[in-house]
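The next block holds one structure in the form of structure tokens; read it before the comments.
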Amino acid sequence: MKQDVASPESIEELFAQGDYVTVARTGSREHWQTYAALGLIGRTSEAVAGLVDFPKPEPRFYLAVAHWMGGEEESALKILEKNPLPQAQNLAKLIRKPRIQVLAQLPWTRYPPHDLLTAIHRDQKFKVQNISFHEDDLPNRPYADITRFYEAANPPDFYVCAMVEWHVIPPNLPRLPCPILGQTGDYDLHIQTVYPWLRIFDEILVTDQTEWQDVKRLVRNPVSTFPKTFGIDENLPLFGYKPRLIDVFHSGSLLHPYFDKTEIFQQILRIPEINPFFIDGFISKEAYFENLATSKMCVNYLRHPGATSTRALEALSMGCVALVQDGSVLELYVGEQEGLLSFKSADRDLVSTIRRVLDNWPEFEQRALRGAAIIRRDFVLPRVASQYMRFMTFLAARPRPPRQVKETGLLKQKRSILWKGWLPAPKSTRKMLLHNLAKWQPRLKSETTPNLSIDMAREVILDQAQRTLDNSYKISVKDFLKDVITLLSLIKRTIMQVLLMGRRLLPIRYNLLIGKHLMIPRVLKVYQAGLKQFPDSLVLRFDLIRGMLHLGRPQDVSYALELLEETINAPRSKWQIDVMEDVYPYDFCSSFFNYRKYFDLVTEHLMSGRPVQDDLARLILASLYYYLGHYSNSVDHFHRATQLDPDFPFYQLAYAHQLIKGGEPGDYDRAGRLLTRLAESSILFQEAFDLLKELDSQDLYTCPRMAELTAVINKAQRSLRRQEDLRSVPLQPRLAADPAAPGAKKLSQPE
């Protein structure tokens with residue numbers, strides 16, 4: 001385990017601010033905070049052994065906390081009863097209760113590694129009532145009233161929301177008469193939807209020091225670190241001693257423009273004489289664990305390098321060496337002697353680490369077996385859930401000033417994603433959509449910013465996009481009637497009478513009720529009204545254009561393209577951007593816009609205040625040029641997209657493709673150089689290589705590294721299985737008679 005000892009001053013400060021992970025990693029054993037931090041992250045025996053030598057009230061309090069975290073309630077109470085500190089008395093009061101009452105919003109999915117809800121029932125100290133859209137939980141609803149979920153005479157001891165960004169949270173949550181605690185991990189993935197909600201909690205929990213450094217700068221609330229927020233199934237298969245024929249295994253999102261892991265993928269492919277296996281996407285639980293059981297090592301790569309890696313836990317639990325980024329919080333529980341090795345992602349350290357494992361496999365196999373025993377003991381879900389709730393109890397016992405209940409009426413329950421992640425059933429998202437339409441429309445004319453127009457249209461566009469991807473879905477008679485009642489308040493009665501005339505109220509497809517023929521024209525009017533009021537809003541224009549190009553009728557597409565050209569021809573200084581103006585979630589047509597860079601810039605601004613509006617405008621304009629290139633077939637438009645955003649591979653591939661169509665010798669050279677770079681180091685390596693090979697076969701461009709690239713791409717084809725695509729909504733055609741569109745055609749993405 002790595003241990004760079006920090007100064008006493010920094011350790012005391014970090015401990016006081018809640019970064020227990022860094023204190024446990026770098027603190028001197030001469031300071032009680034180090035042992036207290038070890039106790040707080042679940043390393044009970046070491047914490048207890050160290051803290052007994054510190055007699056003052058504060059370290060004695062944390063000695064009791066260490067016992068509590070380990071499930072030793074009587075030992076904890078004996079120490080707390082003699083401690084005068086307010087937090088000690090608060091914690092003792094909670095522990096004395098027969099059962100601690102918890103109101104929660106925990107993951108409703110009911111499967112590992114997130115299933116704290118099922119697992120916590122094994123710890124009889126806690127009674128957890130969960131709010132969600134799952135049929136077995138307290139029934140959530142749009143803009144629910146938090147007071148409806150408990151009896152006023154018997155309020156919960158605390159409320160906890162695990163993974164805030166994935167839940168539909170009651171806006172009046174601050175009115176709860178108990179501590180309200182939230183955990184976040186994908187805050188930057190959902191930054192424009194989750195940021196306003198993070199600020200309503202009394203305290204925020206994250207898994208590690210990298211997340212802590214971010215979230216601490218995003219909110220004013222206290223932020224604490226606790227790594228054990230995910231766990232492994234207690235019924236994992238036995239892995240035995242099967243031959244481990246796969247040298248390096250990786251699964252999950254690999255070649256997605258947001259979760260781009262090309263760097264590690266390409267490094268591994270270039271290692272000679274090894275047998276890697278990559279799965280881009282997700283497979284069945286049985287197949288996944290079978291692959292781990294027959295692999296020597298598993299490479300893990302996270303956006304936040306220090307965070308708890310569930311795939312590393314699962315790999316080690318199956319006796320597979322886990323490779324994690326340098327600084328991973330898992331190094332606090334296991335290290336090289338237990339089969340957990342770290343690498344620096346920015347250089348070729350990964351390659352040397354892989355070689356070291358393979359060259360010394362018999363030794364590392366034994367190390368991984370030791371690691372498997374530790375992970376299966378310490379990270380099994382019932383143990384993790386118990387320690388998670390015990391840590392939350394510790395946070396709930398903190399003395400806090402009276403909560404300043406802020407105005408929460410403007411908090412918006414927006415759909416966080418289109419399809420890639422935890423999403424309530426379509427029935428629930430539809431209810432939220434209809435509720436928002438009814439709630440927001442009366443406010444549109446009085447708004448002083450374009451945000452409400454953006455958000456209102458956004459929700460409808462995402463609903464339409466989901467049904468386009470899912471080929472619509474059915475609803476019941478009861479739900480149909482409820483939708484009709486809601487829509488009647490939004491749409492003229494005469495229109496509804498025409499639409500419903502002669503139809504029987506049987507289960508029908510949802511797109512007959514709120515379909516493109518009705519909602520797209522309506523949402524276009526919302527956008528147009530917003531543009532009249534806020535003509536310089538670049539995000540409003542951007543969202544309108546994208547929504548119509550992917551979901552509009554031919555006349556809507558033509559209108560959007562006219563607006564697009566007007567937008568790119570205006571001076572960039574004209575446009576106004578607020579970082580919180582929503583540009584759709586990252587999985588909406590993600591090959592057409594660089595969401596990763598955009599959201600990283602927004603997060604940076606919210607953390608530091610650094611102006612990023614000009615950079616954001618550049619990314620939006622790059623996307624607009626890219627869209628226009630599809631309709632104009634103009635090499636100049638694709639070229640301009642690559643100039644404005646040179647890092648996004650989809651722009652470069654389209655530019656190279658159009659250069660080849662140009663047929664000029666200089667164009668072939670430029671295209672060849674572009675394609676070589678893409679084949680070497682982008683998620684579009686296969687598409688780029690195919691074009692490069694075509695150029696080479698026709699003697700139009702000679703790639704000096706063709707032999708090396710061919711070997712790497714062939715290895716990729718043998719070792720990579722693609723399980724998912726980007727599920728992009730296709731571009732729609734414009735009016736056939738549009739004079740500005742000679743030869744325009746319907747395209748979904750570059751070929």
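The values are calculated or read from the model by the stated rules, or taken from the named source; none is laboratory data. Fair warning: this is a prediction, and the values are worked out from it, not measured in the lab. Methodologically, a virtual Cβ is constructed for each residue, glycine included, from the backbone with ideal geometry; neighbour enumeration extends over all protein chains shown. What goes into the accessible areas is simple: the full protein's heavy atoms, side chains included, and nothing from ligands, DNA or RNA. Shrake-Rupley method; radii C 1.70, N 1.55, O 1.52, S 1.80 Å.
Flag: Q3 does not match the condition of being of a type outside the set (K, R), at pLDDT 95 or above and more than 29 Å from the chain's Cα centre (by Cα).
When V405 is tested against (1) open to solvent by 60 Å² or more (accessible area, probe 1.4 Å); (2) touching an Asp or Glu at 6+ places or on another chain (Cβ under 6 Å), only condition (2) is not met. The condition (being among the polar types (S, T, N, Q) and under 15 Å from A373 (Cβ atoms)) is satisfied by just one residue among Q325, Q337: Q337. One residue is enough: does the range 689-702 have a residue meeting the conditions part of a helix (DSSP H, G or I), open to solvent by 30 Å² or more (accessible area, probe 1.4 Å), within 28 Å of L628 (Cβ to Cβ) and out of contact with any strand residue (DSSP E or B) (no Cβ under 7 Å at 6 or more places or on another chain)? So far as the range 689-702 goes, yes, one or more of its residues are part of a helix (DSSP H, G or I), open to solvent by 30 Å² or more (accessible area, probe 1.4 Å), within 28 Å of L628 (Cβ to Cβ) and out of contact with any strand residue (DSSP E or B) (no Cβ under 7 Å at 6 or more places or on another chain).
Could you list, in sequence order, the residues of the range 375-425 that are of a type in the set (D, E) and at pLDDT 95 or above?
Kept after step one, since they are of a type in the set (D, E), are these residues of the range 375-425: 378, 407.
Selection gives D378 alone.
Residues that are touching a residue at least 12 places away in the same chain (Cβ under 8 Å), under 23 Å from R722 (Cα atoms) and open to solvent by 10 Å² or more (accessible area, probe 1.4 Å) number at least 3 in the following helices (runs of 4 or more DSSP H) confined to the range 263-371: 285-293, 310-317. Checking each residue in the range 182-194 for being touching a helix residue (DSSP H, G or I) at 6+ places or on another chain (Cβ under 6 Å) and either more than 19 Å from P156 (Cβ to Cβ) or surrounded by fewer than 20 Cβ atoms within 10 Å (Cβ to Cβ) (or both) picks out T184, D186, Y187, D188, H190, I191, V194. Among the residues of the range 628-668, those identified as of a type in the set (A, V, I, L, M, F, W, C) and assigned to a helix (DSSP H, G or I) are L628, V635, F638, A641, L644, F650, L653, A654, A656, L659, I660.
Can we say L434 is open to solvent by less than 10 Å² (accessible area, probe 1.4 Å) and within 25 Å of the chain's Cα centre (by Cα)? Spelling it out, it is not the case that L434 is open to solvent by less than 10 Å² (accessible area, probe 1.4 Å) and within 25 Å of the chain's Cα centre (by Cα).
Per-residue answers, yes or no, for (1) in contact with a Ser or Thr (Cβ under 9 Å, 6 or more places away or on another chain); (2) crowded, with 22+ Cβ neighbours inside 10 Å:
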residue	(1), (2)
I180	no, yes
I204	yes, yes
D208	yes, yes
Q213	no, no
P222	no, no
T229	yes, yes
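Quick one: in the range 131-144, which of the residues that are assigned to a strand (DSSP E or B) and under 22 Å from the mean Cα position of the chain (by Cα) is farthest from I180 (Cα to Cα)? So, considering only residues that are assigned to a strand (DSSP E or B) and under 22 Å from the mean Cα position of the chain (by Cα), the one farthest from I180 (Cα to Cα) is S132. Against the criterion of being open to solvent by 10 Å² or more (accessible area, probe 1.4 Å) and either of a type in the set (D, E, K, R) or not in a loop (DSSP other than H, G, I, E, B) (or both), Y625 qualifies. The residues of the range 87-129 that are open to solvent by 10 Å² or more (accessible area, probe 1.4 Å) and assigned to a strand (DSSP E or B), listed by number, are Q101, K127, V128, Q129.
Among the residues making up the range 164-205, a single one is part of a helix (DSSP H, G or I), touching an Asp or Glu at 6+ places or on another chain (Cβ under 6 Å), closer than 18 Å to L106 by Cβ and not charged (D, E, K, R): V194.
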